[in-house]
Amino acid sequence: MPDLRELYQDIILDHSKNPRNYHKIEPADRRAEGNNPLCGDRLTLYLRLDGDRIADVGFEGHGCAISKASASMMTVSLKGRTREEARVLFERFHDMVTGQPGGPIDAQALGKLAVFAGVCEFPARVKCASLPWHTMKAALEEKETVTME
Ligand code: ZN
């Protein structure tokens, strides 16, 4: 049986080294900047909307491996979702990374995003993992910036 923890680390490492959708979208319908001063993570998130659906999503920025991998995997998960689906996914992800270690997670809804379940064991990393999601939520709510405190 493969070591799940190692497998998860491989996925996070892969996305941090080769982030998907790492580009500006121009023109974008929504744009927001996220800032996590505790770690130094910064990112700009771009969304293109098609009615109620997220047609395209991209990001730029710099930060630690967790924040970059989280942003990359988030963009992959969001494409084609409705705003409501994106909001629900935000809640599931947030519940997971702020929950108790070993606590129940909605693996079906989260899919590959479940690799971040281990983050809740590292309080200093929770904001790194959730920064892109807060930035996405801010973008949908037409806020320009979000700072993790
Ligand atoms: Zn970080």
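What follows draws every value from the coordinates through simple rules; no lab data is involved. Note that the structure is a prediction, hence the values are computed from the model and not measured. Positions of Cβ are generated from backbone atoms using ideal geometry, with glycine treated the same way; all protein chains shown enter the neighbour counts.
Shape of region 24-69 from its Cα gyration tensor (a ≥ b ≥ c, root eigenvalues): rounded if a/c is under 1.5, otherwise prolate when a/b > b/c, or oblate?
prolate
Scan region 60-95 for GluC sites (Glu not before Pro) in coil per DSSP, keeping those whose Cβ has at most 13 other Cβ atoms within 10 Å, and list them by number. Answer in residue order: no site qualifies. Sequence-ordered 3J(HN,Hα) estimates for region 13-24 from the Karplus curve with 6.51, -1.76 and 1.60 and θ = phi - 60° stand at 4, 4, 5, 6, 7, 10, x, 7, 6, 8, 6, 6 Hz, glycine and proline given as x. Which of rounded, prolate, oblate describes region 65-149, given a ≥ b ≥ c as roots of the alpha-carbon gyration tensor eigenvalues and a/c under 1.5 marking rounded, otherwise prolate only if a/b is larger than b/c? It is oblate, given that a/c is not under 1.5 and a/b is not larger than b/c. Assign one of three labels to region 1-77, namely rounded, prolate or oblate, based on the Cα gyration tensor with a ≥ b ≥ c the square roots of its eigenvalues; rounded applies when a/c is under 1.5, prolate when it is not and a/b is larger than b/c, and oblate otherwise. Oblate shape, in that a/c is at least 1.5 and b/c is the bigger or equal ratio.
What the Cα convex hull of region 2-141 gives, in volume per residue, is 96 Å³. In this structure the amide hydrogen of residue 23, modeled in the peptide plane, comes within under 5 Å of the amide hydrogens of 59, none closer than 5 places in sequence on its chain.
Rounded to the nearest 10 degrees, the inclination of helix 123-140 to the longest alpha-carbon principal axis of the chain is 30 degrees. If R0 is 30 Å, what FRET efficiency do you get for residue 122 and residue 18 from their C-beta distance, rounded to 0.05? E between residue 122 and residue 18, to the nearest 0.05, is 0.85. Across region 110-120, computed HN-Hα scalar couplings (Karplus, 6.51 cos²θ - 1.76 cosθ + 1.60, θ = phi - 60°) run 7, x, 5, 4, 4, 4, 8, 4, x, 4, 5 Hz from first to last residue, x flagging Gly and Pro. 3J(HN,Hα) along region 62-78, derived from phi through the Karplus expression 6.51 cos²θ - 1.76 cosθ + 1.60 where θ = phi - 60°, amounts to 9, x, 6, 4, 5, 5, 5, 5, 5, 5, 4, 5, 4, 4, 5, 6, 8 Hz, with x in place of Gly and Pro. The label-point distance for residue 10 and residue 94, in a model that sets each label 7 Å from Cα toward Cβ, rounds to 3.3 nm. Lys-Lys pairs in region 2-141 that are eight or more residues apart or on separate chains and whose Cα atoms lie under 16 Å of each other come to 8. In region 2-141, taking the dipole from charged Cβ atoms about the Cα centre, the farthest positive-side position among 54, 28, 140 is held by 28.
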